[in-house]
Amino acid sequence: MTTSQTILIVEDEAVVAFDMKAQLQKLGYDVVGIAETGERAICLADHLRPSLILMDVRLAGRMDGIAAAAAIRRTLEVPIIFLTAHSDVDTVGRAAQTSAYGYLTKPYQIQEVRAGIEVALSKFETEQQLRLANQWFINTLHCVPDAVVLTEPDGRIRYLNPAAERMLGWSNESAVGHDVTEVVKPQGEVSPDLDAAGWLARVCQQGDAGPVVHGLSVVDRGGQAMVMDARVGPVRDGSGQHLGAAVLLRDASERLAHEAKLLASERLFRVVFEHAPIGMALTSPSGEFMEVNSALCQLIGSSADDLVNEGDATLSVGADMGVSSQDLDALRAHRGEVLQFDRQYRRLDGGDPVWVRVHVSLLPNEDNDEAQQHGYLYLMSDLSQQKRMEAQEAELQQERLKREVSELASQTKSEFLSRVSHEMRTPLNAVLGFSQLLQIRQEPGATDAQAYAKHIHNAGAHLLSLVDDLLDLNRSATGTLRMALQPLSLGTVLREVTDMLSEPAAEQGVTLEIAMDGDVQVHADALRLRQVLLNLGSNAVKYNREGGWVTFRVHPDTGSDVALVIEDTGIGMTQEQLIRLFQPFDRLGLEKTTIPGVGLGMMIARSLLADMGGALRVESEPGQGTRMVVRLRTLPAA
C-alpha cells in the first residue's frame, strides 16, 4: 500500500462515514471526500479523480449507489467497492453489472475493508496494464501498412487490421467468425498438388510457419483480383499451445512493377549497349574485354569474337601500355570518379592507329561486396571529328583575336578623337573671343579689318560646331553620352526651335509653320531634342527655295509613340543620295556650294534620337522636297 492512493467515501449516514474516514486515515489512506447522495458522488468523482470509491448501496435521494457507480464508470475508470447490509440476489446482480471490484456486507471489520481495498487496487492496476498492452497491440496493428488477419485455431477470423479491411473489402465486425478462406479468397495453386485455398486453411489450422508465397492472387469482397505476397505464422501462448494464426498480406503490385522496370531497364541497357554510337566494353577485374558492342568493333576494325580477351593494355600503341594499376586502385578507392584519357589504339584490321578518348568507370558487383573484385566499363569515342573541330576552333580564335585587335584600335581612335576635340575647344574659344573683341574695338571706317575679324569669327564658330558634333558623335558611339530624360512639352520645344530658326528662315525667304492639335507630352532630353530639331529644321531651311515653307506637323499615335513630321519644299534628294544620307562627312555632292555644313548633322540627329528611344525616317524626291519623320516616346509609355 502506498500513501498516494486516494479514496472517496459515499455514505448517507454521517457518523458511519466520519468513523470510516478516521480509521482509513489511521491506515495511511488519503480520504479526499465524503458524499451523502449518488448525485454528489458523481460530481466529486469527476472533480477529485480518486484512486478508489467505497460506495454504500442504499443512499439518500433518488439515485442509489449502484446507479451512481454505473454513471461514474461511464466517464471514469476507477475501482468501486460496494458496502451494504443488503445481500439479496437482485442487489448483488445489479452491483455485478457495474463491474464492481468488491462487495462487503455490513457490519464489517476495518481490516476486511483494508484487504478489499488492496485487492481492488492491485486488480485495477493489473487490468490497466493489460488494457495498455492491448492498446499498444491494437495501435501497432493499425499502423502496419500490410494487411494482418488473425484467426482462431479452427481457421475462423478473429481480427482484421485497417489495412486488411481496405484491401479485402471486409470490415472487422463483418469478417469475425467467417472462415479465413471466405475473407481472403486465394486463387490458383501454390504447388502442383495443392490449391491456394487448401494451403491457407491447412497452415492456419495446423499452426505451421509457411514460407512466403509470392504473387498470390487474392479476390476481395467485391470480386476485384489483387496480387499479394502472403505469409502465415502460428500464434502460441507461453506453453506452446496453438492459439491461432496470423496471416500477413502485402500488395505485390509495386514490387512486380519494380521488377518489370528492372527487366525493361536491363533490356534497354542491352539495346543501348549494342546500338550506342560510341565504343563500349565490359571488362573483367584484370582488364580483359568480356563484352563489346558494334561501335567498338568498327572503331578497332575487328569482330566481337576477336576482341574478347583483348584489352586496353594489348591495344595501346607506343609508350602507352594501358591503364596503370595505380589508376585502377584510385578508381576503386573513389567509386564515383571516372578515369579519362586520350590514347592511340591499333586497329586489328591493319589500318592506321586511331586516336580515341577513353572513360573508365567501376562496375558494381552483384552484392556490393567490398571483398569481391569489380569489373570496369570502358567508353571509347573516336577523336577524329574533334581534332578537326579543334583546328576550326583555333581558326575562329585567331579571327576573334583579330577582331578584338580591330575593336581595340577603334576604341583607341575614339579616345584619341575625343581628347583632340576637347583640346581644340580651348584655342577655338580664344579665337572666337578675340575676333569679337577686334570687331568691337575697330575704329569707324576700318571696314577691311572688321570684315577680316568677322571671317575669323565665322570660321572659328564653324570649326567649334564641327568639334561639338564630333564630340557628340563619339559619345553616342561609345555609350558615354549623358541623357536627362524627362517629361517635355513638344509644343514648347517646337516654338523654341522655330524662334531660333526664324532669322535664317527670313534670310532665305522661307516660312515656318507648326501644325498640331493640342499639346503632347514626350519623354526626352530637352537639350538633345532641341539639338535634333534644330539640325533637321536647319537643313530644311538651308536646302529650301526662296518663298518655300517648312511645316512641323504632329501626328499623335494611338500607341506609345508620337510622330513629328518635318516637311519642306526644298530641292529634295535622289534615292542614291538617301542611301548615303547618314554617312559621316558626305554632303551628297553639295560640297562646292555656298550652303554651310560638314555632313554630320543627320547622323548625329539619328544617333541622339536612338539614345532617347526614338527613331528617324527620311523620304524625298528630287525637286519635290523632303519629308522627315521623327518618332518620340510619349509620356504614358515612358
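The values are calculated or read from the model by the stated rules, or taken from the named source; none is laboratory data. Only a predicted model underlies this, so the values are computations on that prediction, with no experimental measurement involved. A quick note on method: Cβ atoms are made from the backbone with ideal geometry, for glycine too, and the neighbour counts reach across all protein chains shown. Protein only, heavy atoms only, side chains kept; ligands, DNA and RNA dropped before computing areas. Shrake-Rupley method; radii C 1.70, N 1.55, O 1.52, S 1.80 Å.
Suppose we filter T75, T91, T84 for residues that are among the polar types (S, T, N, Q) and either at pLDDT 90 or above or closer than 20 Å to K123 by Cα (or both); which single one remains?
Result of the check over T75, T91, T84: T75.
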Is at least one residue of region 64-81 free of Cβ contacts under 8 Å to residues at least 12 places away in the same chain, out of contact with any Gly (no Cβ under 8 Å at 6 or more places or on another chain), closer than 16 Å to Q97 by Cα and open to solvent by 10 Å² or more (accessible area, probe 1.4 Å)? yes
With a cut-off of at least 1 residues that are surrounded by fewer than 17 Cβ atoms within 10 Å (Cβ to Cβ) and under 37 Å from the mean Cα position of the chain (by Cα), name the helices (runs of 4 or more DSSP H) lying wholly within region 190-308. 253-275
Considering region 167-183 alone, what residues qualify as being charged (D, E, K, R) and free of Cβ contacts under 8 Å to residues at least 12 places away in the same chain? E173, E182
Read through the list (1) under 16 Å from G279 (Cα atoms); (2) surrounded by 14 or more Cβ atoms within 10 Å (Cβ to Cβ); (3) modelled with pLDDT of 80 or more, then give the number of the only condition that L362 fails. (1)
Inside region 1-22, can you point out the residues that are exposed (fewer than 15 other Cβ atoms within 10 Å of the Cβ) and among the polar types (S, T, N, Q)? T2, T3, S4
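Under the condition of being outside any helix (DSSP H, G or I) and of a type in the set (A, V, I, L, M, F, W, C), which residue from region 115-154 is most open to solvent (accessible area, probe 1.4 Å)?
Within region 115-154, the match that is most open to solvent (accessible area, probe 1.4 Å) is V144.
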By residue number, the members of region 23-48 that are open to solvent by 10 Å² or more (accessible area, probe 1.4 Å), closer than 17 Å to P79 by Cβ and among the small types (G, A, S) are G33
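A quick yes/no check of all residues on (1) open to solvent by 10 Å² or more (accessible area, probe 1.4 Å); (2) under 14 Å from V629 (Cβ atoms):
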{"residue": "D525", "(1), (2)": "yes, no"}
{"residue": "V532", "(1), (2)": "no, yes"}
{"residue": "L536", "(1), (2)": "no, yes"}
{"residue": "R545", "(1), (2)": "yes, no"}
{"residue": "G548", "(1), (2)": "no, no"}
{"residue": "T551", "(1), (2)": "no, yes"}
{"residue": "D561", "(1), (2)": "yes, yes"}
Could you grab me the full set of residues in region 95-107 that are modelled with pLDDT of 75 or more and surrounded by 10 or more Cβ atoms within 10 Å (Cβ to Cβ)? A100, Y101, G102, Y103, L104, T105, K106
Got at least one residue in region 506-516 being free of Cβ contacts under 8 Å to residues at least 12 places away in the same chain and either assigned to a loop (DSSP other than H, G, I, E, B) or within 55 Å of the chain's Cα centre (by Cα) (or both)? no
Would you call E112 touching a strand residue (DSSP E or B) at 6+ places or on another chain (Cβ under 7 Å), open to solvent by 80 Å² or more (accessible area, probe 1.4 Å) and of a type in the set (D, E)? yes
Across (1) open to solvent by less than 20 Å² (accessible area, probe 1.4 Å); (2) in contact with a strand residue (DSSP E or B) (Cβ under 7 Å, 6 or more places away or on another chain), S51 clears everything bar (1)
Could you please find all residues in region 91-139 being hydroxyl-bearing (S, T, Y) and over 18 Å from S51 (Cβ atoms)? T91, Y103, T105, Y108
